[in-house]
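What follows draws every value from the coordinates through simple rules; no lab data is involved. These numbers come from a predicted model, not from an experiment. Every residue, glycine as well, gets a Cβ built from its backbone with ideal geometry; the counts of neighbours run over all protein chains shown.
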Amino acid sequence: MLCAGEKRVSRRERVPGVYAMGDVKGGPAFTHLSYDDYRIRHANLLGGQKASTRDRIVPYTMFIDPQLGRVGMTERQAREQNHTVRVAKLPMSAVVRALETGETRGFMKAVIDADTQQILGAAVLGAEGGEIMTIIQVAMLGKLPTPPWRTPSSRTRCWRRASTASS
């Protein structure tokens, strides 16, 4: 039953002066998203800004053992959006911190735009995978390019060249 002056509104309908935030608006039900919805509404209503949720980069974590952290696009999504994709994978057994703590299960995977060298998305299955996601999110928000691609063999060749050049 609606009270006087109330109006039933669907999620797709736009009504001046009616705003939805958090779980009500649909989409992922994360506390940090609800707070960001509030931040945007506050900026627009009280600050006269034109903030938007469009293109928002949303990290999330599944608290399994080990944790699974995700942010941005998957490899499939990036290809569907016609990005030229490079994929970087690293087993947790190659991560120094994982070796130090003895938590070497899992992997890290980054999806990178080969043209711009920007991170499009990432997944970390490993100890503190969710914490790592926030670091990757900051790099994505800052549009930081990935460092030049190297393989152990090219690094070894470069090291050998540098060593022989100095002797």
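Calculated FRET efficiency, K50 and F107, Cβ-Cβ r, R0 45 Å, to nearest 0.05? Walk me through the numbers before you get to the answer.
Working: r = 40 Å, r/R0 = 0.89.
Rounded to the nearest 0.05, the efficiency is 0.65.
Per the Kirkwood formula on distinct C-alpha pairs, the Rh of the stretch 11-56 is how many angstrom? Before the final figure, lay out the partial values.
Working: mean 1/r = 0.0890 Å⁻¹.
11.2 Å is the Kirkwood radius here.
Neighbour counts of other C-beta atoms within 10 Å: give me I135, I119 arranged from fewest to most.
Working: I135 14, I119 23.
Least crowded to most crowded, the residues run I135, I119.
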